[in-house]
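What follows is a short report on a single structure.
Values in this text are rule-based calculations from the coordinates and carry no lab data. None of these values were measured; they are calculated from a predicted model. Cβ placement follows ideal geometry from the backbone for every residue including glycine, while neighbour counts extend to all protein chains displayed.
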Amino acid sequence: MQEQTDRPRAGDLLTGRDLKDEYVLLGHTGDRLHVLNDTAREIFLLCDGRRTIREIVRAMIERFEVTEEQATEDVRATLSEFVALGIVTLN
């Protein structure tokens, strides 16, 4: 379960490439490829282990000019998927 004070961190075994409109993640063994859209890219790049989920939500509100409710929903859904895929861990 995600808490506002959790600090998501990108997995250590990923290689990323920024392609401007998309962000591509490759698993360390080359067996998994993830293509992130712009919103997911921004969330992923904010998962540095220092920022809380609350801080990531605030950053998304500023970058995309969306409501707090929408940003919270998007961040939580994206992080849930990231965790399920092993892209990020919650600390």
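If I build a Gaussian network model for the chain, linking alpha-carbon pairs within less than 10 angstrom, which residue out of D21, D31, D12 has the largest mean-square fluctuation? Highest fluctuation of the listed residues: D31.
When you restrict to C-alpha pairs under 8 Å that are six or more residues apart and normalise by the size of the chain, the relative contact order lands at 36 percent.
The orientation-averaged shadow of the Cα convex hull for the chain, equal to a quarter of the hull surface, comes to 5.5 nm². The label-point distance for L19 and T67, in a model that sets each label 7 Å from Cα toward Cβ, rounds to 3.4 nm. Report summary: the helix-based calculation at 222 nm, which adds -39500 (n - 2.57) for every DSSP H run with n ≥ 4 and divides by the residues of the chain, gives -13500 deg cm²/dmol.
As an exercise, identify the GluC sites (Glu not before Pro) in region 1-67 lying in DSSP coil whose Cβ has no more than 10 other Cβ atoms within 10 Å. It would help to have the intermediate numbers written out before the result.
Values: sites: E3, E22, E42, E55, E62, E65; in loops: E3, E22, E65.
Here the sparse-neighbourhood loop sites are E3, E65.
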